[in-house]
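Student: Dropping the structure in here first, questions after.
The values are calculated or read from the model by the stated rules, or taken from the named source; none is laboratory data. Everything quoted here is computed from the prediction, not taken from an experiment. Cβ: placed from backbone, ideal geometry, glycine included. Neighbour counts: every protein chain shown. When the accessible area is computed, the model is the full protein with side chains, heavy atoms only, and any ligands, DNA or RNA have been set aside. Shrake-Rupley method; radii C 1.70, N 1.55, O 1.52, S 1.80 Å.
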Amino acid sequence: MKRTRLGAGFAARFAALRGPPFRRYWFGSVASVGAFQLLIMGQGWLVYELSGSPLQLGFLGAASSIPTIIASLAGGVIADRVDRRRMLIATSLFTAALLALLAALDGSGVVAVWHVLAIAGTIALIVGFDFPARMAFFPSLIGRKHMMSAVALNAMLWQGTRMFLPALGGVIIALSDTWVVFALGAAGFATMAVVMATFAPAKEASPPAGHSGREFLDGLRFIAAERLFLTLILLTYATTFFGISYVQLMPAFARLLEVGEAGFGFMLSATGIGSVTGTLMVATLQRSPRLGRLMLASLGCAALSFLAFNVCVALLSGHPAGYPLAVVCSVFAAMFTAMFLVSSMTVMQLAVPDRLRGRVMGMHGICFSLIPLGGLLGGAVANATSPPTAAAINAALLGAVVLIVAVTQPSVRRLRGARAGLVGADTR
């Protein structure tokens, strides 16, 4: 009986893949998401190699985030008005072209820090249109009962590629150079464009005829009126800005731990291992009648794990135990973070009206741009103090935010899971 239940739970996690359209989309996304992981890894290493400055890593974070935040404000509106398939084809092709340009500059030996920052900023602008379209496109490929599975699979896609590809990228850089990583990234985005072209043009209802500015405000009003949405989005922003943003300083952490390119790649991969583990645990978490409390507890544990990571780097640099302990802390931090992020995104995908999906999920998607933006703050503080000190301060701030939400926001505390795998909330 126990084995049967475990098998059923495992099958439920992958139920969305039973549908051919979602399966094709998901496997196609492996190429572009994997390319994005290589891009993040390669850009960080190249900038630090060219400059040796944590502050320049912070500038890279700003270039990789601010354009996305600005573009997301319009990207969500556009995703609710146009054929999302064509939008994803365009964003994938533009990104592939930019990565090919970066590979050419790097391979020819003329690349400078400003080249990397400029291309990172342009790609970030494209991501502001790409992400809302992705989040609004895939729900049309599945039934409501498979939403939790689809959200978890999409999260696992990002986390799984982060588990393997940074380590592979580190080996590639050690054996060749960073331009090879960028060339592979260009091929990945081009592949995604080809896969999206295999879908038939969407047969959707006519887009809203109102002014786009008014439609954007409609999305903001919805979020502001729904206390649960507002709280979860703001809590997600804090998670990425104060917590996950420590990955922007990972090249500096790798240098302090004296582990080189391959070690740097494995440190990033360790966060992927933790994230996949957390995502696999989400199905059980979302059936709990204490879903909200468990989500907050997970995020509190993530903040403690972030803090422990920085203590390991600060106190054990040069010690044989420093690197493995830091990796273990990264695994736990990513695991607890994934449990919160996947659960909160499922709650919102199930509750948001489809006519507002692009706008609301576009606002939620800004959270991922706050990772590199948080890196800007961390880079500035690290430049004045040290990378572990900067990231430890951010971890402490995240813990404070979680505590404030736990005390003041009953809409999150009362959130309940449903045994059918769907999510409901008591927001009284």
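Student: In whole Hz, with x marking every Gly and Pro, tabulate ³J(HN,Hα) for segment 254-263 from phi via Karplus 6.51 cos²θ - 1.76 cosθ + 1.60, θ = phi - 60°.
Tutor: 4, 5, 5, 7, 6, 10, x, 5, 5, x
Student: So how much slack lies between Phe14 and Arg144, counting 0.36 nm per residue of separation and subtracting their Cα-Cα distance, in nm? Don't skip to the end; give the middle numbers.
Tutor: Working: separation 130, 0.36 × 130 = 46.80 nm, distance 1.42 nm.
My answer for the length gained is 45.4 nm.
Student: Right, here's the next one. Label-point separation (nm) for Leu101 and Leu175, each offset 7 Å from Cα along Cα-to-Cβ?
Tutor: 3.0 nm
Student: A follow-up question, please. Order the peptides 110-122, 169-181 from the highest to the lowest mean number of other Cβ atoms within 10 Å of their residues. Could the numbers behind the result be given before it?
Tutor: Values: 110-122: 17.2, 169-181: 19.9.
For the peptides 110-122, 169-181, the packing ranking is 169-181, 110-122.
Student: Count the net charge of all other residues whose Cβ sits under 13 Å from the Cβ of Leu98, scoring Lys and Arg as +1 and Asp and Glu as -1.
Tutor: -2
Student: Let me ask another. Could you state the accessible area per residue of segment 1-152 in Å², with a 1.4 Å probe and every protein chain left in place? Please report the intermediate quantities before stating the final value.
Tutor: Details: 6100 Å² over 152 residues.
With all protein chains present, segment 1-152 gives 40 Å² per residue.
Student: On average, how much accessible surface per residue is there in segment 367-409, in Å², for a 1.4 Å probe, leaving out ligands, DNA and RNA?
Tutor: Accessible surface, normalised per residue, equals 39 Å².
Student: For the pair Ile404 and Phe164, what calculated FRET efficiency results from E = 1/(1 + (r/R0)^6), where r is the Cβ-Cβ distance and R0 = 41 Å, to the nearest 0.05?
Tutor: Calculated transfer efficiency: 0.65.
Student: Something else about it: For segment 70-119, just say rounded, prolate or oblate: build the C-alpha gyration tensor, square-root its eigenvalues into a ≥ b ≥ c, call rounded for a/c under 1.5, and beyond that prolate if a/b exceeds b/c, oblate if not.
Tutor: Working: a/c = 8.20, a/b = 2.23, b/c = 3.68.
Oblate shape, in that a/c is at least 1.5 and b/c is the bigger or equal ratio.
Student: With every protein chain present, what is the per residue accessible area of segment 268-341 (1.4 Å probe, Å²)? Show your work: numbers first, answer last.
Tutor: Details: 2670 Å² over 74 residues.
Counting only protein heavy atoms, the per-residue value for segment 268-341 is 36 Å².
Student: Calculate what fraction, in whole %, of the accessible area of the chain sits on carbon and sulfur atoms when a 1.4 Å probe is rolled over the protein chains.
Tutor: Here carbon and sulfur together make up 69 percent of the probe-accessible area.
Student: Determine the calculated [θ] at 222 nm for the chain from helices alone, applying -39500 (n - 2.57) to every DSSP H run no shorter than 4 residues and normalising by the residue count; nearest 500 deg cm²/dmol.
Tutor: When only DSSP H runs of four or more count, the value is -27000 deg cm²/dmol.
Student: Same structure again: Going highest first, how would you order 252-263, 19-30 by mean Cβ packing within 10 Å?
Tutor: Result, highest mean Cβ count within 10 Å first: 252-263, 19-30.
Student: Mind checking the full-extension length gain between Ala384 and Val30? Use 0.36 nm per residue of separation minus the Cα-Cα distance, one decimal, nm. Mind showing how you got there, number by number?
Tutor: On the way: separation 354, 0.36 × 354 = 127.44 nm, distance 3.88 nm.
Residue separation times 0.36 nm, minus the Cα-Cα distance, leaves 123.6 nm.
Student: Cβ neighbours within 10 Å, averaged per peptide: list 353-365, 236-248, 402-414 in order, most packed at the top.
Tutor: With the highest mean Cβ count within 10 Å placed first, the list reads 236-248, 353-365, 402-414.
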